[in-house]
1. Can you compute the FRET efficiency between Val352 and Asp553 using 1/(1 + (r/R0)^6), with r the Cβ-Cβ distance and R0 = 45 Å? Round to the nearest 0.05.
2. Considering only DSSP states other than H, G, I, E and B, which trypsin sites (Lys or Arg not before Pro) in the range 125-154 qualify as loop sites with at most 11 other Cβ atoms within 10 Å?
3. Past 18 Å, Cα to Cα: identify those pairs from Lys124/Lys163; Lys129/Lys163; Lys124/Lys472; Lys414/Lys472; Lys129/Lys277, in the order given.
4. For the range 114-201, run through the chymotrypsin sites (Phe, Trp or Tyr not before Pro) and keep only the ones in DSSP coil with at most 10 other Cβ atoms within 10 Å of their Cβ.
5. Straight-line reach from Lys413: which aspartates and glutamates have a Cα under 16 Å away, not including same-chain ones fewer than 8 places off?
6. What does the extension gain come out to for Glu181 and Ala577, with contour length at 0.36 nm per residue minus their alpha carbon separation?
Amino acid sequence: MARSLNLAQRRAAAGSRIVATVPDAEPARPLAPQPRRDVSTVDAFVTQLHAWGVEEAFGVSGGAIALLFDAIVSSPIQLRHFRHESGAAFAACEASFASDRPTVVFTTTGPGLLNSLTGLTAAKWDGAKVLLVSGHTNSPQRGRWATQETSPYTLPQDVLYGKSSIFDFAVRMETAAELPEILRRLDSGLRRPGGFVAHVSMPMSVQSSRVERRAPRRPSVATAPTASESDVAEIAAMLRREPFVVWCGFGARHASTQVRELVERSGAKIMCSPRAKGIFPERHEQYLGTSGLGGHEQVNEHMTQRKPRHTLVLGTRLGEATSFWDRDLLPSDSLIHVDLDPDVPGSAFPDVETYGVHAEIGRFLDQLLEYFPAGRPVRREGKVLDFQGGLAHRQACDRSPVRPQLVMETLQKKVVDGSNAIVLAECGNSFAWCNHYLSFDAPERYRVSTLFGSMGHCAAGVVGAALATGEKAVAVVGDGSMLMNAEVSTAAQYGAQAVWVVLNDAGYGMCRDGHRALGLTGEEIDFPRVDFVEWARSMGADGAAVASEDLLDAAFDDALRADGPFVLDIRIDATEASPLLQRFESLIRQGNSKNVAGWER
């Protein structure tokens, strides 16, 4: 007869060791595993980020964000591990624009957090949607000189953890119980039209805390501001009385169809800010050109010789890079300024009569187009702008060094017209050459950060744009910017289809030209020339050197065919002055030829 022993009997029989069970005893059934009803704070947070559409996170690891780092790796979000936090922030900014999705930057405490601020400021100024998630020193260690301590004892709290000029929303979490309210505020910011840059800081104690498992929130839909029908009717009456000019900015990039409809139905002329290139086809007979940095003389000629009574401004701040605050660009009567930010209209020219309209550009134009019906006969005149500035078509030759104008001609043919690649222009002479000589006939093919104008923005940002789209992205950069912050190693690691067109003149070209124009010394502006092909290959990328103009076509073909990151090292003629004379004249007009504050290098 079979018998069973209880646990105490078996332990006694086996000398406190269980060595066997009775063969014919019914085995104990294991308890069914019970699903946990809670998750870590970082897991809940990352799950919600993905539900909002975040597909990529850019940053550099660190002990204070180890749990967040692991949560991202374990999620559907692609973690992109960069070499420097500022490069990661620039990449996140450009990935947001290229994909039209929010992106994430992650940093550790102390230097990691501070390193990211330049790129995040650029994202704020440009209107990207970027969320920074950083570590923070645990409360018991604050004030005790913890390694990389980040606390009220060491770093400015208002700038980092409050609504400021950098962040639309920022918070330092002290408990996991704050998570629902923080998610609500982030959701509110992400769903509103325009940009949103936020910062959430989590100590390790909060990252590891448990919160109740909940289904992630679906993205909400926000209602964009609109103009009243009476205001639109009044504006339409003003614009219909006589020819007007449209001044188009980056804020109108999602309304390119309506912009073109209005211009063609009304017969108006249109000019664009540098960041707005391509929103209206630049080879259209009603296009005047680009204003501001690297802009076109045809803009000033039209506005001075055929000054309109009204100018309709769409989604631009009219800052220095767009207008140089040049009164020759103003209409005789008033600006009608439409913008998502109600503080923008009237700020650039406070003494000019301005009708401010707080509205989303596309919805405003839909309303306005009701007063400009299709098929209405209008008088159109003008000529297609010659972007190459009369430069004769080149013949294959071995001229060396290479003229930058010829680089732009090849870039236009091979990249702009011959591919779907996004083109990014770095601050300095690079965006002057690109603004002036390149022409785009579709929106969101061109990116330039003329506002914050940080060196390294596009040199690193091109990696984010390429990773976000999975397609070619081309950055035109100076050698100074390339040396400052180019994530070539990161691009090689992830196989990003990034191309760098390096205008190599062995120095800070814009500063060199500026010093010459202002009669200042040019000492210490030059630096030893770098072989960027060997430099790129040492990090796993490929490249080609271009020392003469007859090599340009083949080099661009190689770059566009390459499966992975590629660096074009183009030895340019530094004696060719870039289209930036207006920039230096602007500095002089500001009252002091010695004042070089704000120069982009």
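What follows draws every value from the coordinates through simple rules; no lab data is involved. Quick caveat, the model's predicted, so the values are computed rather than measured. Heads up, the Cβs are rebuilt from the backbone with ideal geometry, glycines too, and the neighbour counts pull from every protein chain shown.
1. 0.40
2. Filter output for the range 125-154: Arg144.
3. As for pairs spanning more than 18 Å Cα to Cα, those are Lys124/Lys472; Lys129/Lys277.
4. When the chymotrypsin sites (Phe, Trp or Tyr not before Pro) of the range 114-201 are filtered for loop state and at most 10 Cβ neighbours within 10 Å, Trp145 remain.
5. Glu282, Asp386, Asp441, Glu549, Asp550, Asp553, Asp557, Asp558
6. Taking 0.36 nm per residue and subtracting the Cα distance, the gain is 137.1 nm.
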